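First comes the structure, then the notes that go with it.
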There are 2 protein chains.
Amino acid sequence: MARKLYELVGVEPDRPFSPYCWRTRMALAHKQLPVDSVPWRFTDTEALAFSGQGKVPVLVDGAKTVFDSWTIAGYLEDTYSDKPSLFDGLTGKAMAAFFGNWVDSVVHGALARIILLDIYEHIGDKDKAYFRKSREERFGTTLEAVVADPEAKLAAFRQALHPVRMTVRQQPFLGGSGPRYADYILFGAFQWARAISPRHLLAADDPIAAWRARLLDLHGGLAGKAKGFPV
Amino acid sequence: MARKLYELVGVEPDRPFSPYCWRTRMALAHKQLPVDSVPWRFTDTEALAFSGQGKVPVLVDGAKTVFDSWTIAGYLEDTYSDKPSLFDGLTGKAMAAFFGNWVDSVVHGALARIILLDIYEHIGDKDKAYFRKSREERFGTTLEAVVADPEAKLAAFRQALHPVRMTVRQQPFLGGSGPRYADYILFGAFQWARAISPRHLLAADDPIAAWRARLLDLHGGLAGKAKGFPV
């Protein structure tokens, strides 16, 4: 197939866990575009050299190579404008930019403090050395210290999601009556956790859990069928 | 004039300071709709009885009475669909709903911890008694304790705004190339503070300060000309 997505995996090549790769996977499905997954690991630096940079997701779409999940989303929206829209116009895209910045900084930050060591348990030895060094530099402490006091970390994560909770009480998706790219932005975080962590992030009666269930079912159950822990 | 907006004021009738009323004021200007302001104070319960509830903003538009800033925004968008759009479609509106929930819970919460006592200083004696009692119940402590340690409160407010900072580095408005209702949602918080507090909420080189300056200038300088402290 002409379309390939380089996705982050751990020891098992069929357990993609990058939140950003999941955004792209869901966006491709939203656009009804089939794609082949190419497993990629943290230390496979050479494998991405063709893209001119070193991070996934990288989408190869025929002759075109696109990297960075936000850039890919814009590329898909513009290139496949006849397919269901990810943003529903320029204001929708501008608002999704804010939403992505909020998820990247607030939600990912809170979630990393819960699952960082679970990621470590799912990657190979060479990747483990890279992961420990780079993440301990980023957080300024050991992986073990980052995830200490898990009850407090879980409470902080749930509290950070409060504006989402208020919203999905009012409407089924962040994008309104149907899913849009903003839904995939947040859902990527939950797929990140689900792939590698046994922790239950949401109370069963949390309205966000119902929203997550809707996302797991979308596009033929694409996300729900992926390898992961029960949520 | 047939169009009236009931707005919260303090001792001075020309110093409207409610963040929700400012959202509506800016939305009316965005829709190019002139309006007469009707000053309203916390304890003027009888004055709103005609609306069937007790909070501002209340918009009287000819024979129609609408309350709640979000409901008013939807009413203006639907009724004056030939005028510049506040949401730019259903996804834009759905995303603005999330944004409003985020501002209401995170931004207003952080800002109240800076300016609560400044509000108190600008209202009359009867309102003061109501305000102290209702806010001390809500926060579970005295007004003075809520605003204690102002340096830490200011740092927390600036940190909470980080996703906005990231966004207005990328685009001039939250709505993209031009202002949309989401901009007015956040701007309402800054007008709330500016009306009654001498505190400087943003560093001069904060990209959010440049965004705020753009909002102060909009619609003939409507917000910038309103009574308030230098920002």
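The values are calculated or read from the model by the stated rules, or taken from the named source; none is laboratory data. Remember, predicted model here, so these are calculated numbers, not experimental data. Please note: Cβ atoms are built from the backbone with ideal geometry, for glycine as well, and neighbour counts cover all protein chains shown. Note: areas computed on protein heavy atoms with side chains; ligands, DNA, RNA excluded. Shrake-Rupley method; radii C 1.70, N 1.55, O 1.52, S 1.80 Å.
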key: Those residues of region B:76-96 for which accessible area with every protein chain present is at least 20 Å² below the isolated value (1.4 Å probe)   = B:Asp88, B:Thr91, B:Gly92, B:Ala94, B:Met95
key: For B:Ser134, label point 7 Å along C-beta direction: distances to other copies, nm   = 5.2
query = Does region A:3-79 come out rounded, prolate or oblate, given a ≥ b ≥ c as the square roots of the eigenvalues of its C-alpha gyration tensor, rounded meaning a/c under 1.5 and, failing that, prolate meaning a/b above b/c?
reply = oblate
request  = Could you list which residues have their amide H under 5 Å from that of B:Val58, counting only those 5 or more apart in sequence or on another chain, with H placed in the peptide plane?
outcome  = B:Tyr6
Shape category assigned to region A:93-160 from the gyration tensor of Cα positions, a/c cut at 1.5 = oblate
ask   = What nm distances, shortest first, do you get from the label point of B:Gln53 to those in the other copies when the point sits 7 angstrom along Cα to Cβ?
value = 4.5
query = Using the heavy atoms of the protein chains alone and a 1.4 angstrom probe, what is the accessible area of region B:90-221 per residue in square angstrom?
reply = 39
task = Calculate the length of the line joining the C-alpha centroid of region A:28-95 to that of region B:102-170, in whole Å.
result = 41
Karplus 3J(HN,Hα) series, Hz, for region A:109-123 with 6.51 cos²θ - 1.76 cosθ + 1.60 (x for Gly, Pro) = x, 5, 6, 4, 6, 9, 10, 4, 6, 5, 4, 3, 6, 9, 10
Structure-based [θ]222 nm, chain A - -39500 (n - 2.57) summed over DSSP H runs of at least 4, per residue, nearest 500 = -17000 deg cm²/dmol
task = For A:Lys153, go through the lysines and keep the ones whose alpha-carbon is under 29 Å away, minus same-chain ones fewer than eight residues off.
result = A:Lys55, A:Lys126, A:Lys128, A:Lys133, A:Lys225, A:Lys227, B:Lys153
ask   = With respect to the symmetry axis carrying chain A onto chain B, which residue of chain A exhibits the smallest Cβ distance to that axis, and what is the value in whole Å?
value = A:Met95, 2
